[in-house]
Amino acid sequence: MKPEQFLERWKSEHIDSGTQQSDAARLVEDLLADAEKEGISRDMLVDAAGGGLVNYIVGAIKEAVEEELW
C-alpha cells in the first residue's frame, strides 16, 4: 500500500467516521460553555479567534501536537 493510500484510508476510518468530528464538536461546545460562564458571547469569541472557532481549535491542537512531537 502506498503511503498516500494509507493516509486516505486512515483519515476515512478515524476522521471522517464521525468519532473525531464528535470530539471536535465537544471541544467547541466546551469552549462556548466556558466563555459563557465568563460573560463572553459566541460573536465575541469568533472575533477574537479571527473569524472561526473551528480553525482556532484546529490551530491550537496543531500547536500542541507539534510541541509534543518536537
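Coordinate-derived values only; no laboratory data. As the structure is a computational prediction, the values presented were derived from the model and not from experiment. Here the Cβ positions follow ideal geometry from the backbone for every residue, glycine too, while neighbour counts run over all protein chains shown.
A viscosity of 0.890 mPa s and a temperature of 25 °C, combined with the Kirkwood radius over Cα pairs in Stokes-Einstein, give a translational diffusion coefficient for the chain of 176 µm²/s.
Select from Ala35, Ala24, Ala60 the residue whose mean-square fluctuation is largest in a Gaussian network model of the chain (Cα-Cα springs shorter than 10 Å). Judging by the Gaussian network model, the answer is Ala60. Here is the list for the chain: GluC sites (Glu not before Pro) lying in DSSP coil, each with at most 11 other C-beta atoms within 10 angstrom of its C-beta, are Glu38. Partner lysines whose Cα lies under 28 Å from the Cα of Lys2, excluding those fewer than 8 positions away in the same chain, are identified as Lys11, Lys62. Here the range 23-70 is assigned +1 on the Cβ of each Lys and Arg and -1 on the Cβ of each Asp and Glu. Its dipole about the Cα centre then comes out at about 140 debye. Within the chain, the selection of entire DSSP H helices by a Cα span of 18 Å or greater along the long axis and an average Kyte-Doolittle value of at least -1.0 returns 19-37, 53-69.
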